[in-house]
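Worksheet: one structure, shown below.
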Amino acid sequence: MEQERKTEKLLEVKDLQVSFFTPAGEVKAVNGISYDLNYNEVMGIVGESGSGKSVEAYSIIGLLQSPGKVVGGSITLEGEDVLAKTASEMVNFRGSQVAMIFQNPMTCLNPVYTIGNQLTEALRAHNKEISKEEAAKRAMEMLEQVGINNVEKRMGQYPHELSGGMRQRVMIAMGLICHPKLLIADEPTTALDVTIQAQILELMKELQKKNHMGIVFITHNLGVVAEICDKVSVMYAGKMVEQGSVDDIFYNPGHPYTKGLLRSMPRVDAESYERLIPIEGTPVDMLNPPEGCPFAPRCEHTMKVCLQKMPPYVNMGREHRAACWLRIQEEMKNRQEESETEGSENE
Amino acid sequence: MNKNDDILVSVEHLKKYFPVKGMKGPGVQAVEDISVFIRRGETLGLVGESGCGKTTLGRTILQLHQPTSGKIVYDGEVIYEGEDPWKPGANGVMQDVKVPKPRQANMLPYRRKMQIIFQDPSASLDPRMTVGEIIGEALDIHKLFESKTDRMDRIKELLSTVGLNTEHANRYPHEFSGGQQQRVGIARALAVNPEFIVCDEPISALDVSIQSQVVNMLEDMQKELGLTYLFIAHDLSVVRHISNRIGVMYLGTMVELAESYELNRNPMHPYTQTLLSAVPVPDPQLSRSRQRIILEGDIPSPMNPPTGCRFHTRCPHATEKCRGEVPEFKEYAPDHWAACHNL
């Protein structure tokens, strides 16, 4: 049973497009993104601020705020169309099927209610039959699971009485209390110190194994990605420029942006000083995105075609694809060589 | 004198306490008895978790915070010297005692030599001043230029040094991206030709792809202008990259100080070992095979720090001695200092 669930598809995002209609014009924050996520898998979404990674996650859980709108594509969770749900269906859907944890726990926990109050509220909102005592018991179990000690005391405390790492644990407990199938984590460790970050990542891995859920993990920290993710999508200016397994992305990157990101970080195993190689230029102005490939103005291999047309995806391996004209050029060269050798054999 | 021993800034037994309203005693003990020196032309990195006092140390050296006690020497001149007003009383509780007024130099001439780059560029630039005015203000305070054209030329020169256009002088901070704002902050710090710059998390508010641009720029400037940096950050991999030596701080105390790659290869203090193992490495195979040390619990409050070694509450090797006695900060190998009883 367990083995079966592992390969089952949980979430499917197909050609998702999200736009913000601002007074200054339409901003295509997410522009044609597709990916699959199975049970038991962690998908990392990497990109700089403004690349659309959070917007994409917000549309899965239906929290996109005006003037943002999904203008195309589909999101399917366990075969169900998420975008077709009504507002009241979404209320039930959130929490029980999909949960989200945020970067700053203080903005998500209510400062005037106790931890216990907020946890039991989450439970009872989805299951009216559950009694107060039963809910409190389950809440305490959940707190224990996320590694909080002295739970009875914690239940009566307010968010400001807890440390940052503890608040993040409470938020994870709150997200997981109704056993969602999908967890969306939007930079859950960015605001934390490295030692606390290590604790939280360890906890998330453990809980994922136990609950067999899928996780969409949004971050800009490639170190965290290497730590926790199975698959990675690299986003740039609302487009997915590369997608693959972690090993593909880290050891065989196909897109110049991915390569640039990896190269611009200080190497961990560096034994002596090496100068960093930065990605020159500044991120794209999303109101006036360039025609063609959005990365072309900053890319060191820019060709004429890059400035005119967005490249299609090229498969670089099982589940590994990149959108870059360079890879297309390579592919064509390979094919030509193949046909040439075939031709000479025929002669 | 050996070039290696050309010390620009040094602090001895520096303490900084922040009084807390309605509380007896010294209050928040943000910096507790730190002695460290910085050589001319080098970069000293400071790392530690939030609340460990690394920013306070940087600001106290610049006297943006009034030190509680200790000694600060800049280029051979004592700019602050004061006695500790807090002494443990008979019952072990800290008592406030009368001490002579601290000796303090007039800071204005030193402000020209010591500058700071702040973490959040949008918060440290006045939104109602143009970039030209922000940079020019520093020049005016120190009366560096008589003629207006010279002054304007200098502003333009500074802008091009940090990679901005000269016509950007008439723009306001909000018209720039985060990376560009940080460049303005750097230009402002450089305006008065300082020798020593405290870089307080200069890149942590920036995007990944922009961070390396700013790091490279800081390195180039150091080479060109012969600057000395105190580089404060919580990202160990960046600090290791830019620094000659690294100091590791925990709860107001310096626990280890060593040459940066030596620290990486051979961390002595258990806290440094934990910190190094907690840094996520951007290499999936390495991170799968790596053994991590995960600390239990949270950092204690600096208002009521643990006795003895301040790390003993979370240290896996803590002994009775660690609970009672403050470990001495000693040189265990050439240029490798640590404060731990178990070494």
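The set of residues in region B:90-116 that are farther than 30 Å from residue B:199 by Cβ and either aliphatic (A, V, I, L, M) or not in a strand (DSSP E or B) (or both) comprises B:90, B:91, B:92, B:93, B:94, B:97, B:98, B:99, B:100, B:101. Annotation note: Cβ proximity below 7 Å between a residue of region B:73-86 that is in contact (Cβ under 8 Å) with a residue 40 or more places away in the chain and a residue that is among the basic types (Lys, Arg) (sequence gap 6+ or interchain) occurs for B:84/B:15.
Among the criteria (1) facing another protein chain (nearest Cβ under 10 Å); (2) in contact (Cβ under 8 Å) with a residue 60 or more places away in the chain; (3) open to solvent by 10 Å² or more (accessible area, probe 1.4 Å), the one residue A:227 does not fulfil is (2). Taken over region B:277-296, the residue count meeting the criterion of being more than 9 Å from every other protein chain (Cβ to nearest Cβ) and either in a loop (DSSP other than H, G, I, E, B) or surrounded by 20 or more Cβ atoms within 10 Å (Cβ to Cβ) (or both) is 2. Of the residues screened, residue A:198 is not one that is in a loop (DSSP other than H, G, I, E, B) and within 28 Å of residue A:51 (Cβ to Cβ). Consider region B:22-54 and keep the residues that are assigned to a loop (DSSP other than H, G, I, E, B) and either of a type in the set (Phe, Trp, Tyr) or free of Cβ contacts under 8 Å to residues at least 60 places away in the same chain (or both). The one that is nearest to residue B:264 (Cα to Cα) is B:24. Counting the residues of region A:261-309 that are at the interface with chain B (Cβ under 7 Å from one of its Cβ atoms), among the β-branched types (Val, Ile, Thr) and closer than 18 Å to residue A:241 by Cβ gives 2. Exactly one residue out of A:183, A:192 is part of a loop (DSSP other than H, G, I, E, B) and buried (at least 19 other Cβ atoms within 10 Å of the Cβ): that is A:192. Give the residues of region B:184-217 that are open to solvent by 20 Å² or more (accessible area, probe 1.4 Å) and more than 11 Å from chain A (Cβ to nearest Cβ), sorted by residue number. Within region B:184-217, B:188, B:193, B:195 qualify.
When residue A:67 is tested against (1) in contact with a Phe, Trp or Tyr (Cβ under 7 Å, 6 or more places away or on another chain); (2) open to solvent by less than 50 Å² (accessible area, probe 1.4 Å), exactly one condition is not met: (2).
Which one is least open to solvent (accessible area, probe 1.4 Å), of the residues in region A:110-129 that are part of a loop (DSSP other than H, G, I, E, B) and at pLDDT 90 or above? Explain how you work it out, then say what you get.
Start the filter on region A:110-129 by keeping residues that are part of a loop (DSSP other than H, G, I, E, B), which leaves A:110-114, A:127-129.
The next check asks that each one be at pLDDT 90 or above; those that pass are A:110-114.
Numbers: A:110: 57, A:111: 77, A:112: 104, A:113: 106, A:114: 30 Å².
Restricting to residues being part of a loop (DSSP other than H, G, I, E, B) and at pLDDT 90 or above, the top hit is A:114.
If the condition is being under 20 Å from residue B:26 (Cβ atoms), open to solvent by less than 60 Å² (accessible area, probe 1.4 Å) and of a type in the set (Val, Ile, Thr), then region B:297-342 contributes only B:299.
Among residues belonging to region B:261-270 that are buried (at least 16 other Cβ atoms within 10 Å of the Cβ) and either more than 21 Å from the chain's Cα centre (by Cα) or polar (S, T, N, Q) (or both), point out the one that is nearest to the other protein chains (Cβ to nearest Cβ). The selected residue is B:264. Annotation: residue A:200 fulfils all but one of (1) within 13 Å of another protein chain (Cβ to nearest Cβ); (2) open to solvent by less than 10 Å² (accessible area, probe 1.4 Å); (3) out of contact with any Ser or Thr (no Cβ under 6 Å at 6 or more places or on another chain); the unmet one is (3).
When residue B:273 is tested against (1) within 9 Å of chain A (Cβ to nearest Cβ); (2) assigned to a helix (DSSP H, G or I); (3) open to solvent by 10 Å² or more (accessible area, probe 1.4 Å), exactly one condition is not met: (1).
The values are calculated or read from the model by the stated rules, or taken from the named source; none is laboratory data. As the structure is a prediction and not an experimental result, all values here were calculated from the model. Glycine also receives a Cβ, built like all others from the backbone with ideal geometry; neighbour counts cover every protein chain displayed. Areas reflect the complete protein model, heavy atoms only, side chains present, ligands, DNA and RNA absent. Shrake-Rupley method; radii C 1.70, N 1.55, O 1.52, S 1.80 Å.
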